[in-house]
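**Q** One structure is given below, represented as structure tokens, and several questions about it will come after.
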């Protein structure tokens with residue numbers, strides 16, 4: 001089914017999004033992570049668009065979304081969630097399932113806490129809501145959270161480098177014969193835009209606000225019991241499998257699947273992920 005593209009105004013932000021599927025089908029809102037954008041779903045969307053309406057926006061500071069510059073717009077996760085909340089309202093999304101990945105997890109879970117009645121189910125793909133999911137590779141970021149000095153900010157800049165994106169974020173644990181350069185080369189190009197690194201460094205600092213909200217996310221799970229599917233690249237160098245298993249602590253019926261790939265599981269295992277999502281959503285979101 002054909003993918004449609006558009007922009008939706010949310011205050012001063014022009015949110016770019018891609019959409020496919022019948023307009024009257026159950027909605028799956030796809031929230032990307034760092035350092036990518038909605039193009040990370042380019043292989044998944046066609047596999048599910050025959051039975052679901054898939055909508056994938058670019059977060060402010062990412063992809064094709066047009067947002068105000070630093071200084072007039074604060075690049076925090078609270079603000080990203082505010083924009084996506086406004087986006088769902090502007091798109092008249094009264095009920096939707098969430099697919100959350102990496103940065104998309106704390107954005108989407110903020111929405112779920114605010115509007116539990118609107119979120120029919122959650123799919124977390126390498127998206128943490130527990131400290132169990134952190135590897136030992138977070139040292140520079142954690143140092144910046146503890147002491148937001150200029151030196152500690154600069155130490156995080158290596159996370160934005162082309163080689164880090166290409167080889168560490170995308171390459172770790174992924175079969176190189178299955179890994180297309182399209183995703184990481186586009187991410188590298190986006191990161192090279194003027195001002196992009198400073199926006200990302202602002203978000204790296206504010207990531208500590210997400211960790212502070214983990215107890216609230218977990219309380220939401222216990223209270224509202226959303227159906228949850230965790231699909232994880234088991235070789236992710238940043239978000240380890242324990243983060244997937246931890247969901248069962250508060251949601252004993254959560255489905256956990258570990259795939260033989262890395263952080264960007266859709267780059268190599270889109271068909272496998274789609275095969276897990278389809279029956280999960282058909283059960284959680286019957287038409």
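The values are calculated or read from the model by the stated rules, or taken from the named source; none is laboratory data. These numbers were taken from a predicted model, which means no experiment stands behind them. Because the Cβ atoms are built from the backbone with ideal geometry, glycine has one as well, and the counts that use them run over all protein chains shown.
**Q** Looking at the range 247-287, which of its residues are in contact with a helix residue (DSSP H, G or I) (Cβ under 9 Å, 6 or more places away or on another chain), without any contact (Cβ under 8 Å) to a residue 40 or more places away in the chain and not in a loop (DSSP other than H, G, I, E, B)?
**A** Once the filter is applied, which keeps residues that are in contact with a helix residue (DSSP H, G or I) (Cβ under 9 Å, 6 or more places away or on another chain), without any contact (Cβ under 8 Å) to a residue 40 or more places away in the chain and not in a loop (DSSP other than H, G, I, E, B), the range 247-287 yields 250, 255, 256, 257, 258, 259, 275.
**Q** Looking only at the range 103-114, decide whether some residue is farther than 30 Å from residue 268 by Cβ and modelled with pLDDT of 95 or more.
**A** yes
**Q** Of the residues 216, 175, 182, 202, which single one is under 27 Å from residue 285 (Cα atoms), more than 17 Å from the chain's Cα centre (by Cα) and surrounded by fewer than 19 Cβ atoms within 10 Å (Cβ to Cβ)?
**A** After ruling out the rest, the residue left standing is 216.
Matching residues to (1) part of a loop (DSSP other than H, G, I, E, B); (2) farther than 21 Å from residue 259 by Cα:
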{"residue": "23", "(1), (2)": "yes, yes"}
{"residue": "33", "(1), (2)": "yes, no"}
{"residue": "108", "(1), (2)": "no, yes"}
{"residue": "128", "(1), (2)": "yes, no"}
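**Q** Select, from 14, 19, the only residue that is touching a helix residue (DSSP H, G or I) at 6+ places or on another chain (Cβ under 9 Å) and outside any loop (DSSP other than H, G, I, E, B).
**A** After applying the criteria, what remains is 19.
**Q** Quick test for you: out of 77, 87, 34, pick the one residue that is in contact with a strand residue (DSSP E or B) (Cβ under 9 Å, 6 or more places away or on another chain) and in contact (Cβ under 8 Å) with a residue 40 or more places away in the chain.
**A** Result: 87 is the single residue among 77, 87, 34 that is in contact with a strand residue (DSSP E or B) (Cβ under 9 Å, 6 or more places away or on another chain) and in contact (Cβ under 8 Å) with a residue 40 or more places away in the chain.
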